[in-house]
1. Of the residues that sit in the stretch 86-101 and are crowded, with 16+ Cβ neighbours inside 10 Å and either modelled with pLDDT of 95 or more or of a type in the set (Gly, Ala, Ser) (or both), which one is nearest to residue 45 (Cα to Cα)?
2. Given the options 59, 81, name the one that is in contact with an Asp or Glu (Cβ under 8 Å, 6 or more places away or on another chain), in a helix (DSSP H, G or I) and open to solvent by less than 60 Å² (accessible area, probe 1.4 Å).
3. Of 51, 114, which residue is at pLDDT 90 or above and acidic (Asp, Glu)?
4. Taking the stretch 29-56 as the region of interest, how many residues are crowded, with 17+ Cβ neighbours inside 10 Å and within 19 Å of residue 104 (Cα to Cα)?
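The values are calculated or read from the model by the stated rules, or taken from the named source; none is laboratory data. Since the structure is predicted, the reported quantities are computational estimates derived from the model, not experimental observations. Quick reminder, even Gly has a Cβ in these numbers, built from the backbone with ideal geometry, and neighbours come from all protein chains shown. Calculation scope for accessible area: heavy atoms of the full protein, side chains included, ligands and nucleic acids excluded. Shrake-Rupley method; radii C 1.70, N 1.55, O 1.52, S 1.80 Å.
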Amino acid sequence: MGTRVVLNSFYLDERTSRNTPSRKEGVSEAVENTQRAFACGLIQEAGILLELPQIVMATAQVLFHRFYHRVSMKKFSHLWTAAAALFLAAKVEENPRRVREVVTTVHHRLVKNEIKSNPDKYKDA
């Protein structure tokens, strides 16, 4: 007899995607969607700066979303989870980057976004 593997949790249905661990812990749908969108944008920007193929960034975004279907956003920062997903996706898709490169690039993008969103705070006196 052969071995049969059943992946019951491979596909996400509508009910599962609306009933995430984050929502169970009180994170609103709007906040969760905003954080997911920002993190996916961060993955895209960092991937471009790291000169990664688009498939790596798409894989990272899938890994990111699937992670938060199992774990609440209250437990792990969506920003560093995005960095971890990008690092892992680069390895999975055989375009590895050093951890230091990924973390530095993500940090650089976060600082740039902060300065762009609060220009008065960072004005030269």
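1. Ranking the candidates gives 86 first.
2. Details: 81 fails: in contact with an Asp or Glu (Cβ under 8 Å, 6 or more places away or on another chain).
The conditions single out 59.
3. Working: 114 fails: at pLDDT 90 or above.
Testing whether each residue is at pLDDT 90 or above and acidic (Asp, Glu) leaves just 51.
4. Of all residues in the stretch 29-56, those crowded, with 17+ Cβ neighbours inside 10 Å come to 32, 35-36, 39-40, 42-47, 50, 52, 56.
Among the residues that remain, those that are also within 19 Å of residue 104 (Cα to Cα) are: 39-40, 42-47, 50, 52, 56.
Matching residues across the stretch 29-56 total 11.
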